[in-house]
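The values are calculated or read from the model by the stated rules, or taken from the named source; none is laboratory data. Small disclaimer: the values here were computed from a predicted structure and weren't measured. Note: ideal-geometry Cβ built from the backbone for every residue, glycine included; neighbour counts use all protein chains shown.
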Amino acid sequence: MAEAPKTQQQVQIKADEKELLGQYSNLAVVHHNVEEFTLNFIYLFPTVPQGKLVASLILNPRHAKRLLRALQENISRYEAQFGALPEGPGPGPEPNVGFVQ
């Protein structure tokens, strides 16, 4: 017997103005283990060898894969509209990142 198609439910998201403004990040560090992926979004200051963690997200592996797929799809759309994005390192050498408290 065929399974009935699932209906999509609309979800209401609450967000304060601070969250709606977002955070700028110019570096992301990704770690994983068998149960989760951790994405640390960092802002590296342009004039000093220092940075600030602006957000840390912990995702289960299935959600991480869905995020990867969503990013790939959106980058494809972006490139179709605005042209190919160059690959390779950003400006300057890759930083050696360590956390301090």
* Name the single residue, out of those in the stretch 41-50 being part of a strand (DSSP E or B) and without any contact (Cβ under 8 Å) to a residue 24 or more places away in the chain, that is farthest from Arg66 (Cα to Cα). => Tyr43
* So Leu57 clears everything in (1) part of a strand (DSSP E or B); (2) closer than 19 Å to Val100 by Cβ; (3) not charged (D, E, K, R) except one condition, right? Which one? -> (2)
* Selection status of Leu20, within 19 Å of Gly98 (Cβ to Cβ) and outside any loop (DSSP other than H, G, I, E, B) -> no
* What are the pairs, 6+ residues apart or on separate chains, where a residue within the stretch 51-76 that is of a type in the set (A, V, I, L, M) has its Cβ under 7 Å from a residue that is surrounded by 12 or more Cβ atoms within 10 Å (Cβ to Cβ) and in a helix (DSSP H, G or I)? -> Leu59/Leu67
* Condition check for Ala28: assigned to a loop (DSSP other than H, G, I, E, B) and either touching a Ser or Thr at 6+ places or on another chain (Cβ under 8 Å) or small (Gly, Ala, Ser) (or both) -> no
* Structure fact -> Considering the stretch 1-58, residues that are acidic (Asp, Glu) and surrounded by 10 or more Cβ atoms within 10 Å (Cβ to Cβ), and then whichever is modelled with the highest pLDDT, we arrive at Glu36
